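Visitor: Structure below; questions to follow.
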Amino acid sequence: MSDNKRIVLAYSGGLDTSVAISYLKERTGKDVVAVSLDVGQGGESLETIKQRALACGAVESYVVDARDEFADEYCMMALKANALYEGVYPLVSAISRPLISKHLVRAAHQFGADTISHGCTGKGNDQVRFEVSIASIDPTLKAISPIRDLSLTRDVEIAFAKEHKLPITQTEKSPYSIDQNVWGRAIETGFLEDPWNAPTKDCYSYTDDPAFPPVEDEVTIEFKQGIPVKIDGRDVTPLQAIEEMNRRAGAQGIGRIDLIEDRLVGIKSRELYEAPGAIALITAHQELENCCLEREQHRIKRDIDKRWAELVYDAQWFSPAVRSLNAFIEETQKYVSGEIRMTLHGGRAVVTGRRSDSSLYDYKLATYDSGDTFDQKSSNGFIDIYGLPSRVAAARDVRFGNGIEVPENAVE
């Protein structure tokens with residue numbers, strides 16, 4: 001088989017990508033290699049998906065259990081960056097696409113393909129994330145989308161599957177478009193496209209109703225250099241930490257998000273998200289940073305975190321800009337070690353305690369009781385120097401008649 005006679009397809013096992021195997025081969029004349037990753041999305045086993053891909057006409061099926069890789073290298077970087085797009089959304093889909101792209105390129109090299117196909121539409125962010133990521137890793141590879149480029153609509157897919165007797169069981173189509181992994185779950189389309197419509201119970205899967213919570217759940221999370229390593233004293237891997245917090249925070253209805261967001265392609269979109277573990281872990285991590293980061297470093301990092309989330313959302317995971325921000329973020333995590341105690345209840349994750357050997361909180365400086373080591377007399381000189389620019393500017397304003405007017409009867 002020559003190099004230019006194969007296409008690597010990001011394969012989910014559903015109708016769209018199952019039909020795409022035969023459709024791509026028929027339309028392009030190239031054999032198709034199906035690539036499937038487990039990033040904690042649940043559902044069918046990789047072996048079931050592999051056999052379906054082969055039954056639908058794939059010449060090879062490349063499957064990978066990437067859950068630990070995803071948690072270690074992608075979720076933990078997002079955690080260190082406290083990544084919340086537009087201040088609220090943990091980057092559920094945005095951080096999985098670079099990992100999937102990396103394995104798509106690896107499969108293309110392994111199986112002699114010159115083209116990579118994905119199942120994205122022309123309106124979403126993921127088409128950009130896949131194709132920019134692929135080009136960043138190997139710019140010689142071409143990328144196509146059957147739905148976007150070959151007019152592969154759902155009615156065409158169903159007719160094609162019946163005509164070719166593909167082994168796909170048709171079920172009633174969900175009214176939603178859902179993408180999920182261990183870091184969270186994204187829900188859109190259907191009646192949610194009207195932003196006035198409230199979410200219904202069937203929208204949610206990772207979280208229980210926060211209006212009817214079980215008894216409150218107290219949890220202690222220990223971090224080492226920004227990564228959770230223990231929960232309630234038990235050693236955990238990053239994947240185990242996310243899974244346990246998904247379960248415990250999800251039972252309390254934590255991590256439900258309803259957002260009108262700005263998509264990369266320039267439109268606004270109404271999205272629902274569930275990210276119980278991500279929200280709980282980010283809340284704990286942010287509070288530990290409050291203790292352990294020096295003031296100016298912390299101020300800069302909050303700006304960097306916001307920019308990091310925007311860049312990664314915007315398909316820049318492999319960019320020089322993100323690599324440079326990663327270096328800064330990693331440096332800040334050197335002393336972000338310690339324990340955070342939280343209460344999980346009724347949709348909220350509330351920090352109730354924090355302790356760290358590397359904390360910059362000094363009780364003797366902070367206390368107002370006896371034993372206070374802060375020299376309050378020093379504040380006189382500090383205020384004098386700190387306020388000097390303001391006093392000089394105020395004197396100039398008065399000379400030019402622009403001084404601040406004091407209202408009559410301002411002081412009674």
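The values are calculated or read from the model by the stated rules, or taken from the named source; none is laboratory data. This structure is a prediction, so every number in the text was calculated from the model and none was measured. Positions of Cβ are backbone-derived with ideal geometry, glycine not excepted, and every protein chain shown enters the neighbour counts. Accessible surface is based on the protein model in full, side chains and every heavy atom, while ligands, DNA and RNA are left aside. Shrake-Rupley method; radii C 1.70, N 1.55, O 1.52, S 1.80 Å.
Visitor: What residue among Leu264, Cys56, Ser379 has its Cα farthest toward the positive end of the dipole of the chain, where the charges are +1 on Lys, Arg and -1 on Asp, Glu, each on the Cβ?
Guide: The one lying farthest along the dipole's positive direction is Cys56.
Visitor: Give me the lysines in straight-line cross-link reach of Lys377: C-alpha distance below 29 Å, same-chain residues under 8 apart excluded.
Guide: Lys364
Visitor: Counting every Cα pair in region 6-173, what percent are over 26 Å apart?
Guide: Numbers: 3793 of 14028 pairs.
The proportion of pairs with Cα distances above 26 Å equals 27 percent.
Visitor: 222 nm [θ] for the chain, helices only, -39500 (n - 2.57) per DSSP H run of 4+, per residue, to 500? Write down the numbers at each step before the final one.
Guide: Values: 15 runs with 163 residues, N = 412.
Result for the chain: -12000 deg cm²/dmol, rounded to the nearest 500.
Visitor: What distance in nm lies between label points placed 7 Å from Cα along the C-beta direction at Arg355 and Lys201?
Guide: So the two model labels end up 4.2 nm from each other.
Visitor: Out of the DSSP beta bridges found with both residues in the chain, what percent are antiparallel (nearest 5)? Spell out each step's value before the answer.
Guide: On the way: 37 of 54 bridges.
If we restrict to bridges inside the chain, about 70 percent are antiparallel.
Visitor: Over the alpha-carbon set of region 61-103, divide Rg by the Kirkwood Rh and report the Rg/Rh ratio to two decimals.
Guide: 1.03
Visitor: How much length is gained on full extension from Phe191 to Thr48, taking 0.36 nm per residue of separation minus their Cα-Cα distance? Working shown, then result.
Guide: Values: separation 143, 0.36 × 143 = 51.48 nm, distance 3.19 nm.
So the extension gain works out to 48.3 nm.
Visitor: Here's a follow-up. Just grab the label-to-label distance for Ala251 and Ala327, each label 7 Å out from Cα along the Cβ direction, in nm (one decimal).
Guide: For Ala251 paired with Ala327, the spin-label model returns 4.5 nm.
Visitor: Something else now. Mind pulling up the Rg/Rh value for the chain? Radius of gyration and Kirkwood radius, both on Cα.
Guide: Details: Rg = 26.3 Å, Rh = 24.2 Å.
Ratio of gyration radius to Kirkwood radius for the chain: 1.08.
Visitor: Now, a different point. If you plug each phi of region 148-154 into the Karplus form 6.51 cos²θ - 1.76 cosθ + 1.60 with θ = phi - 60°, what whole-Hz ³J(HN,Hα) values come out, in order, with x for Gly and Pro?
Guide: So the Karplus estimates, Gly and Pro as x, are 7, 9, 10, 6, 8, 7, 5 Hz.
Visitor: Related question: Nothing charged except the Cβ atoms of Lys and Arg (+1) and of Asp and Glu (-1): what's the magnitude of the dipole of the chain about its Cα centre? Round to the nearest 20 debye.
Guide: On the way: 48 positive and 64 negative charges, 213 e Å.
The dipole of the chain has a size of about 1020 debye.
Visitor: Taking θ as phi - 60°, what are the ³J(HN,Hα) couplings along region 56-63 by the Karplus curve (6.51, -1.76, 1.60), each to the nearest whole Hz, with x for Gly and Pro?
Guide: Using θ = phi - 60°, the values come out as 8, x, 5, 7, 9, 9, 9, 10 Hz.
Visitor: Still on this structure: Compute the accessible area per residue over the chain, keeping the other protein chains in place, probe 1.4 Å, unit Å².
Guide: Details: 21290 Å² over 412 residues.
Heavy-atom accessible area per residue stands at 52 Å².
Visitor: Give the residue from Thr352, Ala186, Ser133 lying farthest towards the positive end of the charge dipole for the chain; charges sit on Cβ (+1 for Lys and Arg, -1 for Asp and Glu) and the dipole is referred to the Cα centre.
Guide: In the chain, that residue is Ser133.
Visitor: Sticking with this structure for a sec: Accessible area of region 6-173 with a 1.4 Å probe: how many percent of it is carbon plus sulfur?
Guide: Result for region 6-173: 49 percent of the exposed heavy-atom area is carbon or sulfur.
Visitor: Suppose we take every Cα in region 11-76 and form the convex hull; what volume per residue is that in Å³?
Guide: Details: hull volume 5.7 nm³, N = 66.
About 86 Å³ per residue, rounded to a whole number.
Visitor: May I ask you to derive the relative contact order of the chain, considering only C-alpha pairs under 8 Å and at least 6 residues apart, and to give it as an integer percent? Intermediate results must be reported in sequence, preceding the final value.
Guide: Values: 726 pairs, mean separation 67.3, N = 412.
Reported relative contact order: 16 percent.
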